[in-house]
Amino acid sequence: MSDRVQGYADAMFAVATAEGDVRGISDELFAVGRAVDTNDDLRSTISDARIPAERRIQIMDDLLDGKARQATTGLVSMVVAAGRGADLGKIASALAEKAAQSQGKQVATVRSAVALSDDQRNRLADALRAKLGTDVDVNVIQDPSVVGGLVTTVGDTVIDGSVRTRLSRLRESL
Amino acid sequence: MFAFANLLAAEGPNGRFIPSDPWELFWAALAFLVIFFFFVTKGLPLIKEALNKAQSDAVAEASAADQAMADAKAKIAAASAELGDANAQSEQIVAEAREAAQQLRVDSANRTQQLVNDMWAKAQNDVVGMKTQASADMQAEVAAQAVGAAEEVVKSSLDSSGQNDLIESYISGLRN
């Protein structure tokens with residue numbers, strides 16, 4: 001992770017801490033970052049220096065209008081205005097990591113074909129804590145390629161219970 | 001006897017070879033003796049020397065001829081020996097050539113056989129490899145088709161309830 005990405009994450013963490021909603025803002029930024037990473041057009045648009053910064057900020061404001069906290073929208077606008085829109089995903093991941101560390105937790109990145117309910121997220125966090133012996137913040141990435149089940153990454157540990165992996169094993173075994 | 005000769009001579013020609021004058025006999029005998037003396041003292045040594053020389057020449061020539069004959073025989077023997085050696089060598093060369101040709105034929109046959117064996121082994125290996133590859137390709141294709149079909153079946157059967165079941169199963173698995 002570059003110093004620049006970490007610097008933006010630190011600044012965002014300070015803002016989120018000042019707003020008193022680190023978890024909420026971090027989750028929203030993680031979702032935005034994920035959306036930017038998976039959408040090539042959006043990523044290239046918000047990082048295109050030929051497009052005026054106001055226009056790029058307006059695009060993100062329109063996307064987040066009414067769906068995210070004001071602080072989240074402001075932070076996204078700050079990153080886009082600085083011409084670092086392409087790094088939004090990395091910055092959001094660094095922020096999530098920092099937010100979790102600030103609470104003595106680790107970030108568990110969970111990939112799922114479908115969205116998880118709050119109850120499922122909480123029970124998943126509890127199960128991961130029981131298994132890994134550490135508190136975790138669960139960040140869910142909706143990934144259709146998983147097909148079914150979940151893939152959880154905590155640090156260097158990967159717990160793969162996806163249908164995609166089972167199908168791959170089936171293909172290899174055949 | 002001289003008187004008898006004079007008597008006969010006095011009778012004149014009598015049809016016998018008796019000179020009418022007996023002195024003729026004397027002079028003839030004297031002449032004969034002179035001639036004989038010179039012949040014996042001068043002629044005979046010359047003749048003897050000539051004969052001896054001729055004899056020695058003949059002997060020398062005979063010796064030379066003998067030597068030449070011996071030399072010729074020696075040369076003939078040497079030539080015969082050389083011819084024998086040449087024949088032996090030529091026979092040896094021919095034998096070696098035959099042996100080399102035979103060895104070459106054997107080697108060529110062996111190489112040909114080895115080549116045929118190698119080609120046969122390679123062909124068999126190729127066939128086995130092709131079979132194996134075809135089998136592997138077929139298995140991979142079948143596996144891909146089967147997995148693809150399974151994936152489609154799983155996707156189509158994974159409704160919201162199925163997804164939730166998988167998630168709950170995952171969470172339960174973490175606890176165990």
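The values are calculated or read from the model by the stated rules, or taken from the named source; none is laboratory data. Only a predicted model underlies this, so the values are computations on that prediction, with no experimental measurement involved. Here Cβ is always computed from backbone atoms with ideal geometry, including for glycine, and neighbour counts include all displayed protein chains. Heavy atoms of the whole protein, side chains included, go into the accessibility calculation; ligands, DNA and RNA do not. Shrake-Rupley method; radii C 1.70, N 1.55, O 1.52, S 1.80 Å.
Using the heavy atoms of the protein chains and a 1.4 angstrom probe, tell me the accessible area per residue for chain B in square angstrom.
Values: 13890 Å² over 176 residues.
That works out to 79 Å² for each residue.
So what are the radius of gyration and Dmax for the Cα set of the protein assembly as shown, in Å?
Rg, Dmax (Cα atoms, Å): 69.8, 214.
What whole number of Å gives the distance from the Cα centroid of the range B:82-154 to the Cα centroid of the range A:114-154?
The range A:114-154 and the range B:82-154 have Cα centres spaced 62 Å from each other.
Helix A:88-102: angle to the longest alpha-carbon principal axis of chain A, degrees 0 to 90, nearest 10?
70
Can you give the angle from 0 to 90° between the axis of helix B:44-157 and the longest principal axis of chain B, with both taken from C-alpha atoms, to the nearest 10?
10
Using protein heavy atoms only (no ligands, DNA or RNA), what is the total accessible area buried between A and B, 1.4 Å probe, nearest 100 Å²? Walk me through the intermediate numbers first.
On the way: alone 9500 and 14890 Å², together 22480 Å².
For chain A against chain B, roughly 1900 Å² becomes buried.
Heavy-atom accessible surface, probe 1.4 Å, ligands and DNA/RNA ignored: which residues of the range B:152-176 lose at least 30 Å² versus the isolated chain?
Relative to the lone chain, where solvent access is computed with a 1.4 Å probe, the range B:152-176 loses at least 30 Å² at B:Val154, B:Gln163, B:Leu166, B:Ile167, B:Glu168, B:Tyr170, B:Ile171, B:Leu174, B:Arg175.
Mind checking the mean number of beta-carbon atoms from other chains within 10 Å of the Cβ atoms in A:144-151? List each step's numbers first, then the result.
On the way: counts 1, 0, 2, 6, 11, 8, 8, 1.
The shielding value for this peptide is 5.
In the range A:1-102, what percent of the accessible surface is made up of carbon and sulfur (1.4 Å probe, ligands and nucleic acids excluded)? Write down the numbers at each step before the final one.
Working: 2480 of 5130 Å².
That fraction is 48 percent.
Considering the range A:1-102, what Rg and Dmax in Å follow from its alpha-carbon atoms?
In order Rg, Dmax, the Cα atoms of the range A:1-102 give 12.4, 38 Å.
Within straight cross-link reach of B:Lys131, meaning Cα distance under 23 Å, which lysines are found once same-chain residues fewer than 8 apart are removed?
Of all the lysines, those that pass the test against B:Lys131 - Cα under 23 Å, at least 8 places apart if same chain - are B:Lys122.
Out of the total accessible area of the range B:112-176 (probe 1.4 Å, heavy atoms of protein only), what percent is carbon and sulfur?
Numbers: 2720 of 4580 Å².
With neighbouring chains kept in place, the figure for the range B:112-176 is 59 percent.
Determine which residues of the range A:104-128 fall in the zone a paramagnetic label at B:Asn176 would reach in this model, i.e. backbone nitrogen under 17 Å from the point 7 Å along Cα→Cβ.
Only A:124, A:127-128 pass the distance filter.
Nearest 500 deg cm²/dmol is fine: what mean residue ellipticity at 222 nm does chain B get from its DSSP H runs of n ≥ 4 alone, each adding -39,500 (n - 2.57), divided by its residue count? Walk me through the numbers before you get to the answer.
Details: 4 runs with 156 residues, N = 176.
Helix contribution divided over all residues of chain B: -32500 deg cm²/dmol.
Place a +1 charge on the Cβ of each Lys and Arg in the protein assembly as shown and a -1 charge on the Cβ of each Asp and Glu, then give the dipole magnitude about the Cα centre in debye, rounded to the nearest 20.
Numbers: 35 positive and 48 negative charges, 84 e Å.
It comes to approximately 400 debye.
Starting from a Cα-only point model with no solvent, please compute log10 I(q)/I(0) by Debye for the range B:25-139 at q = 0.22 1/Å.
So the normalised log intensities are -1.12.
Take peptide B:131-143, look around each residue's Cβ out to 10 angstrom, count Cβ atoms belonging to other protein chains, and average those counts.
Numbers: counts 0, 0, 0, 0, 0, 0, 0, 0, 1, 2, 0, 1, 5.
For peptide B:131-143, the averaged partner shielding equals 1.
Per the Kirkwood definition applied to all pairs of different Cα atoms, how many angstroms is the hydrodynamic radius of chain A? Provide the component values of the computation, followed by the final result.
Details: mean 1/r = 0.0587 Å⁻¹.
Here the Kirkwood hydrodynamic radius works out to 17.0 Å.
Counting only heavy atoms of the protein chains, get the accessible area per residue of the range A:1-102 (1.4 Å probe) and round it to a whole Å² value.
Working: 5130 Å² over 102 residues.
Roughly 50 Å² per residue, with all protein chains present.
On a C-alpha basis, how far is the centre of the range B:36-59 from the centre of the range A:92-112 in Å? Whole number, if you could?
Computed from Cα coordinates, the inter-centre distance equals 156 Å.
Give me the lysines in straight-line cross-link reach of A:Lys90: C-alpha distance below 30 Å, same-chain residues under 8 apart excluded.
Candidates past the 8-residue exclusion: A:Lys67, A:Lys98, A:Lys105, A:Lys131.
For the protein assembly as shown, with the dipole built from +1 on Lys and Arg beta-carbon atoms and -1 on Asp and Glu ones, taken about the Cα centre, which of B:Met119, A:Ser77, A:Ala16 lies farthest toward the positive end?
A:Ala16
Can you give the relative contact order of chain A as a percent, counting alpha carbon pairs under 8 Å and 6+ residues apart? Write out the running numbers ahead of the final one.
Values: 227 pairs, mean separation 37.2, N = 174.
Reported as a whole number, the value is 21 percent.
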